[in-house]
Structure formats: C-alpha cells, structure tokens
Amino acid sequence: MGKLSPFQVGELVVWQDEKGFGFIRPFAGERDLFIHISAFKKGMSRRPQVGDIVHYRIETEADGRERLRHAAIEGIKYAPPRFGPIKVKPLERSPYVNGVVGLPFLLSTWLLWSVGNPVPLLMYVFISAITLFLYGLDKRSSITGHWRVPETYLHLFALFGGWPGALIAQREYRHKLRKSRFQIIFRAIIALHALIWSIVIGFELSTPRAMEMILV
C-alpha cells in the first residue's frame with residue numbers, strides 16, 4: 001500500500017459524469033488534481049457535480065505516482081454500510097497452506113501437553129478469530145467505500161498470534177494478496193514465529209526430561 005497523506009479539501013472544478021472523472025482544485029495547492037469516480041466513498045446520495053467541496057487523501061505509490069483516494073463530498077448523505085455476507089469467490093487452499101495454518105496449533109497442543117502451558121494455544125485460537133473478523137471487516141469496507149482497518153492493526157494482530165487466521169482470510173476473501181509490501185511484512189511475521197518455535201522446540205528437547213521421554 002502507498003503512503004497516504006492527511007485529509008485535504010478542494011473544489012471540484014471539472015466533472016465529466018459520462019466518463020466518470022474530473023479535476024479538483026485544492027484550497028491549498030498550486031495545481032488541479034485528477035480524480036476518478038472510483039475514488040469517491042460509496043453510498044453517495046447523488047453523483048459528483050462541479051462546485052462540490054471534496055475531502056480527499058492523496059496516496060503516493062511506490063513508483064512515485066499520486067492518486068486520490070477516500071474522497072467524500074461535503075454536505076451530502078451517504079448510505080450506511082451493508083453488513084451481509086461478503087460475495088467473493090474464495091481461493092482454494094492447497095494442502096501446503098492448510099499445513100502451515102495447522103502447524104502452530106499442533107505445536108501449541110504439544111507444548112500444552114509437555115509443559116502444561118495453554119497460553120500459545122489460546123493465543124493462536126482467539127487472536128486468529130479476531131484477525132479473521134478484521135480482514136472480513138476491511139474487505140467489506142473496501143467494497144462499500146467505508147472506513148478501512150489500518151494495515152498496521154492487521155500486522156499487529158498477526159504478530160501476536162493471529163497470522164493463521166490472516167492466512168485463511170487472505171484466501172477466503174481474496175484480500176491483500178496483491179499488496180507486495182504487505183505480503184513481505186506478513187511473511188516476515190510468519191518467519192519470526194517459525195524462528196521462535198524452533199528455539200522453543202530446541203530448548204524443550206534439550207532438557208533432561210525430554211531426552212528421557214525420547215530414549216524411552
């Protein structure tokens with residue numbers, strides 16, 4: 001995802017409704033900005049018109065290009081978001097993905113059995129459920145044009161144990177899969193959990209009690 005500026009305000013000075021685009025003249029700026037109909041918040045009670053006061057944010061993409069996002073027209077009504085099933089055809093999860101999702105639960109169960117520590121298992125179960133919900137909420141918001149869940153929140157919940165739920169949600173909702181920077185951070189979180197588990201397993205197997213169990 002590109003870097004987003006704070007909300008800015010301008011006047012819609014050109015609008016070609018049949019083509020779905022126009023230009024905004026910022027109240028604090030030197031040049032008019034191109035805006036497409038897809039940048040406007042969904043649920044508008046009418047189409048944009050010349051003279052509208054528009055609140056918007058500018059997204060700077062990785063290649064330096066700028067585009068307007070999260071635009072809303074001042075003074076008009078918007079339909080509330082619809083909370084219903086997300087109509088997205090899910091991606092088929094391969095056995096590899098299912099194995100990756102199931103591995104932390106298996107390891108957490110083993111840790112509960114070996115040392116009686118239920119925290120990792122509870123963490124993975126409950127935080128994954130919350131993360132799955134947040135992905136669904138963000139996907140619905142991306143469709144309806146309403147408030148989005150910040151990507152930082154999604155990464156934090158994944159870091160604290162929700163990454164299995166995130167992995168399921170990404171394929172179930174076809175969400176965040178094309179965001180290369182997002183995926184790099186997400187995979188780094190999975191790698192970090194894998195490293196932590198390697199250390200935990202190595203420590204547990206190096207204890208005398210573990211060695212006795214293996215030898216017996």
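Okay, residues lined up against (1) in contact (Cβ under 8 Å) with a residue 24 or more places away in the chain; (2) among the hydrophobic types (A, V, I, L, M, F, W, C); (3) out of contact with any His (no Cβ under 9 Å at 6 or more places or on another chain):
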{"position": "Gly10", "(1), (2), (3)": "yes, no, no"}
{"position": "Asp17", "(1), (2), (3)": "yes, no, yes"}
{"position": "Ser38", "(1), (2), (3)": "no, no, yes"}
{"position": "Lys42", "(1), (2), (3)": "yes, no, no"}
{"position": "Arg46", "(1), (2), (3)": "yes, no, yes"}
{"position": "Gln49", "(1), (2), (3)": "yes, no, yes"}
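Of Leu134, Leu167, Leu154, which residue is more than 30 Å from Ile37 (Cβ to Cβ) and among the hydrophobic types (A, V, I, L, M, F, W, C)?
Leu167
So in the stretch 36-66, with the set limited to residues that are of a type in the set (A, V, I, L, M) and part of a strand (DSSP E or B), which one is nearest to Lys77 (Cα to Cα)?
Met44
Are any residues in the stretch 44-77 modelled with pLDDT under 85 and surrounded by 16 or more Cβ atoms within 10 Å (Cβ to Cβ), and if so, which ones?
Met44
Could you figure out which of (1) within 24 Å of Ala188 (Cβ to Cβ); (2) in contact with a helix residue (DSSP H, G or I) (Cβ under 6 Å, 6 or more places away or on another chain) isn't true of Leu112?
All conditions pass for Leu112, except number (1).
Report whether or not Leu159 is in a helix (DSSP H, G or I), closer than 20 Å to Val100 by Cα, open to solvent by 70 Å² or more (accessible area, probe 1.4 Å) and modelled with pLDDT of 95 or more.
Spelling it out, it is not the case that Leu159 is in a helix (DSSP H, G or I), closer than 20 Å to Val100 by Cα, open to solvent by 70 Å² or more (accessible area, probe 1.4 Å) and modelled with pLDDT of 95 or more.
Being modelled with pLDDT of 90 or more and among the aromatic types (Phe, Trp, Tyr) is the requirement here; does Phe83 meet it?
Judged against the criteria, Phe83 is not a match.
When the stretch 168-181 is examined, which residues are found to be within 11 Å of the chain's Cα centre (by Cα) and assigned to a helix (DSSP H, G or I)?
Selection gives Ala169, Gln170.
So is Ala129 under 12 Å from the mean Cα position of the chain (by Cα) and either aliphatic (A, V, I, L, M) or over 26 Å from His70 (Cα atoms) (or both) or not?
Against the criterion (under 12 Å from the mean Cα position of the chain (by Cα) and either aliphatic (A, V, I, L, M) or over 26 Å from His70 (Cα atoms) (or both)), Ala129 does not qualify.
Within the stretch 17-33, identify whether any single residue is modelled with pLDDT of 95 or more, of a type in the set (Val, Ile, Thr) and buried (at least 16 other Cβ atoms within 10 Å of the Cβ), and answer yes or no.
Scanning the stretch 17-33 turns up at least one residue that is modelled with pLDDT of 95 or more, of a type in the set (Val, Ile, Thr) and buried (at least 16 other Cβ atoms within 10 Å of the Cβ).
The values are calculated or read from the model by the stated rules, or taken from the named source; none is laboratory data. All figures in this text were calculated on a predicted structure; none of them were measured in a lab. All Cβ positions, even for glycine, are placed from backbone atoms using ideal geometry, and neighbour counts span all protein chains on display. Ligands, DNA and RNA are stripped out before the accessible areas are found, and what is left, the full protein with its side chains, is counted by its heavy atoms. Shrake-Rupley method; radii C 1.70, N 1.55, O 1.52, S 1.80 Å.
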